[in-house]
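Undergrad: Quick one: structure below, then a few questions.
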Amino acid sequence: MNRTAVVALGGNAISPKNEKDTIANQFSNTRKSLQSVMNLVRQKYHLALTHGNGPQVGNALLRVELTIDKTPILPLGICVADTEGGMGYMIEQSLQNALIAARISREVVSIITQVVVSADDPSINNPSKFVGSWYSLTEIKELARRFGWQIKEDGDRGWRRVVPSPVPRRIINHRAIKHLVDLGTIVIAAGGGGIPVYVMNNGLYEGFDAVIDKDLAAAVLAHDIGAQELYILTETDSVKINFGKPNEQSIDLIHVPELKHLQQEGHFPPGSMGPKIRAAINFIGSGGERVIITSVEKAVESLHGDSGTTIVA
């Protein structure tokens with residue numbers, strides 16, 4: 001039987017921090033990031049792809065805020081859906097062209113994905129995810145009054161809007177995604193963590209302004225479609241302990257109990273490697289076989305065990 005894998009592309013893999021964020025550059029970076037995906041295609045994996053959207057949704061919010069007195073404000077969920085569509089198109093077309101060049105017949109489809117979260121998730125009462133632009137306290141107080149924003153100071157650059165980051169529970173249309181993946185279609189889904197929705201008392205869905213961590217959502221997607229493997233492609237070549245210190249050390253292969261121990265010792269900060277480690281632990285704890293965390297550049301080597309960090313039960 002064909003093995004099934006989910007590949008999670010970081011938003012910065014498509015929009016690097018040190019590069020002008022044009023659509024042409026995003027297309028170019030997308031094509032580069034798909035080399036590892038094509039490697040899996042050649043090995044006849046069944047695949048679902050997901051991606052980050054931090055830089056892209058930041059640009060979408062900037063456009064909203066620059067025209068705030070001229071056009072209706074867009075909810076954050078709509079911005080996430082917009083970037084799922086735009087980035088899904090870039091990944092879909094780039095992968096289609098790679099398949100054509102390789103003379104491989106596989107269908108590719110993008111799905112705008114809603115992700116269920118709990119209506120009483122603790123993050124809702126203590127939002128901490130920064131979104132949008134930086135403002136002076138005077139400027140943002142007026143915006144917060146007009147639009148009901150919650151705000152916090154973000155370092156030395158000023159004040160920003162904050163939103164909840166609830167834990168993803170399930171992918172609403174996971175059965176449709178699994179059906180397509182099982183047929184051999186490559187599905188792009190849950191981009192940017194997906195659109196957060198909760199289930200009301202009457203059983204209907206309702207969206208709200210929040211941001212789901214894309215790595216945690218990738219783990220849920222992988223579980224919900226029965227994947228055996230999860231690949232998290234990020235900015236670093238491997239998971240490291242004592243990061244940035246003289247005794248920094250890369251991890252090649254690690255088992256979950258040891259990884260949990262390192263997590264408890266504080267080696268994986270919440271704002272960087274922490275969510276990826278949580279995603280790996282969650283996925284393997286729910287029945288997944290292995291997780292590989294590495295950079296886009298080293299991904300092909302990592303698939304053969306020559307680079308990156310491999311996490312197993």
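Undergrad: Which condition breaks for Pro122 when tested against (1) without any contact (Cβ under 8 Å) to a residue 12 or more places away in the chain; (2) out of contact with any Pro (no Cβ under 9 Å at 6 or more places or on another chain); (3) closer than 23 Å to Ile171 by Cβ?
TA: So the condition that Pro122 fails would be (2).
Undergrad: Could you pull out the residue among Ala144, Ala101 that is surrounded by fewer than 18 Cβ atoms within 10 Å (Cβ to Cβ) and touching a Lys or Arg at 6+ places or on another chain (Cβ under 8 Å)?
TA: Ala144
Undergrad: Would you please name the residue that is surrounded by the most Cβ atoms within 10 Å (Cβ to Cβ), looking only at residues in the stretch 293-313 that are over 23 Å from Asn247 (Cα atoms) and either modelled with pLDDT of 85 or more or in contact with a helix residue (DSSP H, G or I) (Cβ under 6 Å, 6 or more places away or on another chain) (or both)?
TA: Ala299
Undergrad: Scan the stretch 153-169 and give yes if some residue there is open to solvent by 70 Å² or more (accessible area, probe 1.4 Å), within 27 Å of His51 (Cβ to Cβ) and modelled with pLDDT under 95, otherwise no.
TA: yes
Undergrad: Quick one: which residue in Leu216, Leu233, Leu221, Leu180 is at pLDDT below 95 and of a type in the set (A, V, I, L, M)?
TA: The match here is Leu233.
Undergrad: Moving to a separate point now. Working only within the stretch 260-287, note down all residues that are within 18 Å of the chain's Cα centre (by Cα) and either assigned to a strand (DSSP E or B) or touching a residue at least 60 places away in the same chain (Cβ under 8 Å) (or both).
TA: Pro275, Lys276, Arg278, Ala279, Ala280, Asn282, Phe283
Undergrad: In the stretch 1-25, which residue that is polar (S, T, N, Q) and surrounded by fewer than 21 Cβ atoms within 10 Å (Cβ to Cβ) is farthest from Val181 (Cα to Cα)?
TA: The extreme case among them is Asn18.
Undergrad: Filter the stretch 1-29 down to the residues that are among the polar types (S, T, N, Q), under 23 Å from Lys44 (Cα atoms) and in contact with a helix residue (DSSP H, G or I) (Cβ under 8 Å, 6 or more places away or on another chain) and list them by number.
TA: The one that is among the polar types (S, T, N, Q), under 23 Å from Lys44 (Cα atoms) and in contact with a helix residue (DSSP H, G or I) (Cβ under 8 Å, 6 or more places away or on another chain): Thr4.
Undergrad: Mind checking which residues of the stretch 67-77 are in contact with a Gly (Cβ under 9 Å, 6 or more places away or on another chain) and surrounded by fewer than 15 Cβ atoms within 10 Å (Cβ to Cβ)?
TA: The one that is in contact with a Gly (Cβ under 9 Å, 6 or more places away or on another chain) and surrounded by fewer than 15 Cβ atoms within 10 Å (Cβ to Cβ): Pro75.
Undergrad: Hey, can you tell me all the residues within the stretch 211-239 that are among the small types (Gly, Ala, Ser), open to solvent by less than 20 Å² (accessible area, probe 1.4 Å) and part of a loop (DSSP other than H, G, I, E, B)?
TA: Once the filter is applied, which keeps residues that are among the small types (Gly, Ala, Ser), open to solvent by less than 20 Å² (accessible area, probe 1.4 Å) and part of a loop (DSSP other than H, G, I, E, B), the stretch 211-239 yields Ala227, Ser238.
Undergrad: Just a yes or no: is a residue in the stretch 160-173 more than 30 Å from Leu47 (Cα to Cα) and of a type in the set (A, V, I, L, M, F, W, C)?
TA: Within the stretch 160-173 (the criterion being more than 30 Å from Leu47 (Cα to Cα) and of a type in the set (A, V, I, L, M, F, W, C)), the answer is yes, since at least one residue qualifies.
Undergrad: Can you report the number of residues in the stretch 240-259 which are within 17 Å of Val312 (Cα to Cα), in contact (Cβ under 8 Å) with a residue 12 or more places away in the chain and either assigned to a loop (DSSP other than H, G, I, E, B) or open to solvent by 90 Å² or more (accessible area, probe 1.4 Å) (or both)?
TA: So the count comes out to 4.
Undergrad: Moving to a separate point now. Which residues, counting only those in the stretch 143-156, are under 16 Å from Leu62 (Cα atoms) and not hydrophobic (A, V, I, L, M, F, W, C)?
TA: The answer is none; no residue qualifies.
The values are calculated or read from the model by the stated rules, or taken from the named source; none is laboratory data. Keep in mind the model is a prediction, meaning the values are calculated, not measured. Backbone-built Cβ (ideal geometry, glycine too); neighbour counts: all protein chains shown. With ligands, DNA and RNA removed, areas are computed over all heavy atoms of the protein, side chains included. Shrake-Rupley method; radii C 1.70, N 1.55, O 1.52, S 1.80 Å.
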